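Heads up, the thing below is written out as structure tokens.
The values are calculated or read from the model by the stated rules, or taken from the named source; none is laboratory data. It should be emphasised that the depicted structure is a prediction, and the values quoted were computed from it without experimental measurement. For neighbour counting, all protein chains shown are included, and Cβ atoms are generated from backbone atoms with ideal geometry for every residue, glycine included. Just so you know, the surface numbers come from the protein's heavy atoms only, side chains and all, with ligands and any DNA or RNA stripped out. Shrake-Rupley method; radii C 1.70, N 1.55, O 1.52, S 1.80 Å.
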Amino acid sequence: MVKISRIFGFAFFALIATLLVGLPASAQVDFSGGWVTKNHEDAPERGPGPDIGDYTGLPINNDARVRGDTWDASMLEMVEHECEPHPADYGPRGPSNMRWWGDTDPFTKGVTAWHYQVAYLLPLRTIYMDGRPHPSENAPHTWQGFSTGEWVGDMLKVTTTHLKEGWTRRNGIPRSEQSTLIEFYIRHHDLLTLVAYVEDPVYLTEPLIRTSDWVAAPGFQQYPSVCIPSNEVSRPKSYVAYHLPGKNEFLYEFASRRNVPIEAVRGGAETMYPEYRNKLATMPDPPPLPVKK
Amino acid sequence: MDFKLRNYSITLGVPLAALFFVTAAPLLAQQDTASGQHNRSDQKVTRSGVELRRQEKVCNDLPPGGICLTFDNGKVELLHVQGRVYMISGLGANITVQIGDSDVMVIDTGLLHMSDKVLTAIRALTDKPIFYIVDTSMDEDHTGGNASLSNAGWAIPVGSNLPFGHDVSDLTGLTFPPGAAILAHINVLNRMSAPTGQKSPVAEGIVSPTDVYEDESWKFFNGEEVILFHAPSAHTDGDTFVLFRRSGVISTGDLFTSMNTYPVIQPDKGGSIDGFINGLNQIIDMIVPEENEEGGTYVIPGHGRISDRNDIVNYRDMVTIVRGRIEALVKSGMTLEQVKAAKPTAGYDGLGGYAATRDQFIEAVYRDLSKARTKQGKTATGAGR
């Protein structure tokens, strides 16, 4: 009798264990392989780059505006800044053809981490799927930050902290290192969509939401990339490029060229929403471009 | 859904479950004893009258190798930076600890009233003897634990000719007198001292350096070159930053405070804005990033998180830009109050603890640049246009 009850006990235990272990790990979607960017959203900004002083559609505060107003593009030719890759939040907006691969647990075969590299300078993005905690606030910050992922239905939700200071727009609008990046990666057959938003307590008054898209490219090959900084322009040692407040002569060129009211190009959360068009119609035209002598 | 990975089937479930209980469960049970970090979970140590207890709830955000201590008044973190170098935060200024096979070097010693805890924290990392202490400045949050740590350490025997070019780890049979050496720039000793019969300006209980250097000093210690550099007239006139060459770590003292504060420049102790910027550039010149302006040589700031070259470059850029803005305002003839009202730090005040240290920074820069203008001095740092 004892033997039979032991057998039943073991069978019951095995059943419970089976149910637990046999459950689907989650609705995991495979992102492995090559992806080429569609680049059709915000193409002028992402390709040739934004105009100086164009802050339209960004929910920025005045501190961000001052940083943008005093930014000098010569900053990019400083040796110390030449080899900076795009941070995790901007990488998908740049030259972002990419390759994904996963680490699998040898026992469960579940994905323990996703990795991808975008084309520009090939920074390595790692998304931990093993439930590990984010590091201490005293740990280093990196361009790609520290990312953890979880499945929300068929979407991969990624939370990233520990980012280095980066840029919201490549005309000097900063994104602080205190930001948190939340991303949703959504695959529909051969199309990959990323819906991402950034919360920045230092420079944004509302989260900034952006989307990007890629098409599966099975034959895509990533090429090596090595950046070695060098002096491109002779400058005094410890040169730092910047404009003094009120001295940036290029600041309103964008408004004048595109005939957008000055107030509108200064950005702010209000400029993100469709209702802003009504207000726009009541604003004065920008001044004409100064005639060059 | 063509792209879903195959779910685990019920047929696989039984053998997997059995395999789990046979193999994985014992392995998981062993993990607690295999990991040093887990080993400490229930540790309760009483040393120097201080209770040390690791609490999982507070410590669950540490990277591998990190240790977290909780004292009655806050959290102390011990993080491995790189090579032989560790950072202790939470006891005043950041404390750098270099641990060799048999000896320890400590850069900065925290606050006086935390000195017991500093020693306890170091002892949580290593029980090896402390041979050298370096003060990066005379500030009390960097020197408070001098006495406690020195008394707990050992001195190199006089006449043994060991400090230069020798690794003390290969010594056997020698007797070491108690009292670790405290090294600092000579100006630190001068400013912590007072003429005979007068009271020293430092708080009671803080001891002065026992050994000083002037321009540069170095030792081969714990298997690597440890080089002390002087940044003249920066945060003070006695600032030292320390390069651990093989580990690839620089401990900066208050020459760099990460996102925690604007530069704290103490003119009454010989500090200046241009010396500060020069000091930052000295450090930047020594750092080599691993790839894409990231990693490589790591930096332990006086306060704040572990950093790398990009972080200190951004800080240098910010300091240079604010200096340039104030210089333009000074040239236009503005008073200090007018300069403050013009908000020369706009764009940066929302970062970390910057707002709290803004006024003293503006005042220090204004004072320096006004003086330079009066004297028709040379002020050529930066490139605003």
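Here are the numbers for the structure shown:
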{"quantity": "Within the range B:209-232, considering residues that are open to solvent by 40 Å² or more (accessible area, probe 1.4 Å) and part of a loop (DSSP other than H, G, I, E, B), the one farthest from residue B:113 (Cα to Cα)", "calculated": "B:215"}
{"quantity": "Residue A:134 vs. criteria touching a residue at least 24 places away in the same chain (Cβ under 8 Å) and surrounded by 16 or more Cβ atoms within 10 Å (Cβ to Cβ)", "calculated": "yes"}
{"quantity": "Output for the range A:226-275, where each listed residue is surrounded by fewer than 15 Cβ atoms within 10 Å (Cβ to Cβ) and within 9 Å of chain B (Cβ to nearest Cβ)", "calculated": "A:226, A:229, A:236, A:237, A:247"}
{"quantity": "Restricting the range A:88-127 to residues that are more than 19 Å from the chain's Cα centre (by Cα) and facing chain B (nearest Cβ under 10 Å), the residue that is nearest to residue A:39 (Cα to Cα)", "calculated": "A:102"}
{"quantity": "Test set (1) crowded, with 21+ Cβ neighbours inside 10 Å; (2) within 11 Å of chain B (Cβ to nearest Cβ); (3) among the hydrophobic types (A, V, I, L, M, F, W, C); (4) under 21 Å from the mean Cα position of the chain (by Cα) - residue A:208 fails condition number", "calculated": "(2)"}
{"quantity": "The range B:100-132, residues that are assigned to a loop (DSSP other than H, G, I, E, B), open to solvent by less than 20 Å² (accessible area, probe 1.4 Å) and touching a helix residue (DSSP H, G or I) at 6+ places or on another chain (Cβ under 7 Å)", "calculated": "B:100, B:103, B:108, B:109, B:110"}
{"quantity": "Selection within the range B:191-207 - touching a Ser or Thr at 6+ places or on another chain (Cβ under 6 Å), crowded, with 17+ Cβ neighbours inside 10 Å and in a loop (DSSP other than H, G, I, E, B)", "calculated": "B:206"}
{"quantity": "Selection from the range A:69-87 of residues that are part of a helix (DSSP H, G or I) and either facing chain B (nearest Cβ under 10 Å) or within 18 Å of the chain's Cα centre (by Cα) (or both)", "calculated": "A:69, A:74, A:75, A:79, A:80, A:81"}
{"quantity": "Test for residue B:256: is it assigned to a helix (DSSP H, G or I), closer than 30 Å to residue B:81 by Cβ and touching a residue at least 40 places away in the same chain (Cβ under 8 Å)", "calculated": "no"}
{"quantity": "Single condition residue A:63 does not satisfy, out of (1) within 27 Å of residue A:253 (Cβ to Cβ); (2) under 20 Å from the mean Cα position of the chain (by Cα)", "calculated": "(2)"}
{"quantity": "Residues satisfying the stated conditions in the range A:130-155, i.e. closer than 19 Å to residue A:108 by Cα and of a type in the set (A, V, I, L, M, F, W, C)", "calculated": "A:151"}
{"quantity": "Exclusive hit being of a type outside the set (Asp, Glu) and at pLDDT below 95, set A:224, A:174, A:201, A:207", "calculated": "A:224"}
{"quantity": "Lone unmet requirement of (1) of a type in the set (S, T, N, Q); (2) over 30 Å from residue A:67 (Cα atoms); (3) more than 14 Å from chain B (Cβ to nearest Cβ) for residue A:160", "calculated": "(2)"}
{"quantity": "Hey, residue A:60 in contact with a helix residue (DSSP H, G or I) (Cβ under 9 Å, 6 or more places away or on another chain), over 25 Å from residue A:194 (Cβ atoms) and more than 8 Å from chain B (Cβ to nearest Cβ) or not", "calculated": "no"}
{"quantity": "Counted residues, the range B:271-306 - those being in contact (Cβ under 8 Å) with a residue 12 or more places away in the chain, part of a loop (DSSP other than H, G, I, E, B) and open to solvent by less than 30 Å² (accessible area, probe 1.4 Å)", "calculated": "11"}
{"quantity": "Failed item, numbered, when residue B:268 is tested on (1) more than 11 Å from chain A (Cβ to nearest Cβ); (2) part of a loop (DSSP other than H, G, I, E, B)", "calculated": "(2)"}
{"quantity": "Hits in the range A:164-192 (condition: open to solvent by 10 Å² or more (accessible area, probe 1.4 Å), within 14 Å of another protein chain (Cβ to nearest Cβ) and closer than 20 Å to residue A:46 by Cα)", "calculated": "A:165, A:167, A:172, A:191"}
{"quantity": "Count - residues of the range B:233-253 that are away from chain A (no Cβ under 14 Å), outside any loop (DSSP other than H, G, I, E, B), out of contact with any Pro (no Cβ under 7 Å at 6 or more places or on another chain) and not small (Gly, Ala, Ser)", "calculated": "6"}
{"quantity": "Strands (runs of 3 or more DSSP E) lying entirely in the range B:47-99 (those with 2 or more residues that are modelled with pLDDT of 90 or more and open to solvent by 20 Å² or more (accessible area, probe 1.4 Å))", "calculated": "B:74-82"}
{"quantity": "Evaluation of residue B:322 against (1) closer than 13 Å to residue B:369 by Cβ; (2) in a helix (DSSP H, G or I); (3) out of contact with any Ser or Thr (no Cβ under 6 Å at 6 or more places or on another chain) (one fails), failing number", "calculated": "(3)"}
{"quantity": "Verdict on residue A:223 being touching a strand residue (DSSP E or B) at 6+ places or on another chain (Cβ under 9 Å) and surrounded by fewer than 19 Cβ atoms within 10 Å (Cβ to Cβ)", "calculated": "no"}
{"quantity": "Whichever residue in the range B:346-357 is part of a helix (DSSP H, G or I) and either more than 14 Å from chain A (Cβ to nearest Cβ) or modelled with pLDDT of 95 or more (or both) and, among such residues, is nearest to residue A:61 (Cα to Cα)", "calculated": "B:356"}
